[in-house]
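The values are calculated or read from the model by the stated rules, or taken from the named source; none is laboratory data. Keep in mind that what you see is a predicted model, and the values were worked out from it rather than measured. Positions of Cβ are generated from backbone atoms using ideal geometry, with glycine treated the same way; all protein chains shown enter the neighbour counts.
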């Protein structure tokens with residue numbers, strides 16, 4: 001396993017694991033209850049398998065600025081942003097967060113993108129003073145999500161501010177680890193804090209965080225609960241909503257793009273598609289009739305004709321069965337009735353999903 005592991009700790013808490021080799025167990029109990037607790041209070045997720053590299057050197061800021069879709073060179077110490085790495089045809093290679101800390105930048109990506117991110121960033125370093133340090137095997141990560149995420153982080157780390165700017169990062173000195181960082185990492189509208197620390201401190205920090213989360217009315221949660229929250233927020237995932245044939249606009253990832261900065265790979269395609277005001281596909285939400293999730297890959301039909309496919313689906317404790325789907329541009333409009341392969345009725349909705357305020361914020 002190439003990342004710090006809490007598997008023994010999770011198993012001692014009766015967590016259920018699936019066949020994947022990721023850090024998160026599937027669940028500790030009922031996934032819907034875990035998702036609801038995170039939505040209303042605080043959920044604790046083991047994200048130790050996220051991709052992590054540190055990019056340093058006198059040319060690091062300029063190099064990342066030229067390679068990525070967002071502005072990097074003007075980030076102040078402790079500030080961060082989301083960005084993407086694109087091919088020349090604007091198709092996605094990786095999505096990430098970039099935060100300036102110390103003499104370089106901490107870059108975080110989805111678990112399955114770690115090797116791609118590292119290799120692609122290294123590929124174009126020629127004469128530049130740029131070094132890519134591997135951190136995935138050195139730092140574990142605990143993601144706290146929910147309205148109480150900031151309060152929980154402040155309890156664990158007294159030096160942590162009560163409020164942080166999106167993607168802000170700071171080094172932690174008071175938790176007894178050789179290296180530790182705190183980053184604001186929301187999931188859509190859901191506030192979040194990501195704690196990164198070394199293996200020797202990870203289990204202890206998880207135990208402290210789990211205790212505090214339970215006192216706040218939340219607790220540890222697994223991958224199935226995280227998936228429910230992700231879908232409710234309309235957040236795309238690599239391998240589901242986007243892949244190497246997708247441009248950011250088709251995955252509802254316009255926020256990764258800075259239209260005012262200089263050149264980056266794929267910029268001309270992005271500008272042309274934006275100026276035309278239409279793209280091949282759009283990511284939409286679906287409210288589903290009946291019970292249970294839809295099958296990923298199931299065709300979405302408009303007027304009896306295939307317009308796209310379900311990419312992810314789950315049963316939300318607040319909304320019932322929901323899904324994300326990629327559909328043809330002309331069929332993206334909220335309120336339109338469609339059909340899922342097999343005759344199931346569905347309705348297109350905008351993202352993120354709307355639900356009762358009491359469910360959204362607790």
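Taking the options 308, 326, 290, name whichever one is assigned to a loop (DSSP other than H, G, I, E, B) and either surrounded by fewer than 20 Cβ atoms within 10 Å (Cβ to Cβ) or not assigned by TED's automatic domain parsing to the domain that holds residue 31 (or both).
Values: 308 fails: assigned to a loop (DSSP other than H, G, I, E, B); 326 fails: assigned to a loop (DSSP other than H, G, I, E, B).
Of the residues listed, the single one that is assigned to a loop (DSSP other than H, G, I, E, B) and either surrounded by fewer than 20 Cβ atoms within 10 Å (Cβ to Cβ) or not assigned by TED's automatic domain parsing to the domain that holds residue 31 (or both) is 290.
Does at least one position in the range 167-189 carry a residue that is without any contact (Cβ under 8 Å) to a residue 24 or more places away in the chain, assigned to a loop (DSSP other than H, G, I, E, B) and farther than 21 Å from residue 107 by Cβ?
Yes, because at least one residue in the range 167-189 is without any contact (Cβ under 8 Å) to a residue 24 or more places away in the chain, assigned to a loop (DSSP other than H, G, I, E, B) and farther than 21 Å from residue 107 by Cβ.
Listed residues 300, 273, 269; which is part of a strand (DSSP E or B) and surrounded by 13 or more Cβ atoms within 10 Å (Cβ to Cβ)?
Details: 273 fails: part of a strand (DSSP E or B); 269 fails: part of a strand (DSSP E or B).
So the residue among 300, 273, 269 that is part of a strand (DSSP E or B) and surrounded by 13 or more Cβ atoms within 10 Å (Cβ to Cβ) is 300.
Select, from 57, 87, the only residue that is surrounded by fewer than 19 Cβ atoms within 10 Å (Cβ to Cβ), under 25 Å from residue 252 (Cα atoms), touching a strand residue (DSSP E or B) at 6+ places or on another chain (Cβ under 7 Å) and not assigned by TED's automatic domain parsing to the domain that holds residue 146. Outline the logic, then answer.
On the way: 57 fails: under 25 Å from residue 252 (Cα atoms).
Exactly one residue qualifies, and that residue is 87.
Taking the criterion of being assigned by TED's automatic domain parsing to the domain that holds residue 20, in a helix (DSSP H, G or I), under 22 Å from residue 94 (Cα atoms) and modelled with pLDDT of 95 or more, would at least one residue in the range 202-225 satisfy it?
Going residue by residue through the range 202-225, those that are assigned by TED's automatic domain parsing to the domain that holds residue 20 are 202-225.
Of the ones still in play, those that are also in a helix (DSSP H, G or I) are 202-215, 223-225.
Narrowing further to those that are under 22 Å from residue 94 (Cα atoms): 223.
Applying the additional criterion that residues be modelled with pLDDT of 95 or more yields 223.
Yes, some residue in the range 202-225 is assigned by TED's automatic domain parsing to the domain that holds residue 20, in a helix (DSSP H, G or I), under 22 Å from residue 94 (Cα atoms) and modelled with pLDDT of 95 or more.
So is residue 197 in a strand (DSSP E or B) and more than 20 Å from residue 162 (Cβ to Cβ) or not?
Working: in a strand (DSSP E or B): yes; more than 20 Å from residue 162 (Cβ to Cβ): yes.
Yes, satisfied.
It is to be established whether one or more residues within the range 67-81 are closer than 30 Å to residue 315 by Cα and surrounded by 20 or more Cβ atoms within 10 Å (Cβ to Cβ). Give the steps one after another, and end with the answer.
If we filter the range 67-81 for residues that are closer than 30 Å to residue 315 by Cα, which is where we start, we get none.
No, the range 67-81 contains no residue that is closer than 30 Å to residue 315 by Cα and surrounded by 20 or more Cβ atoms within 10 Å (Cβ to Cβ).
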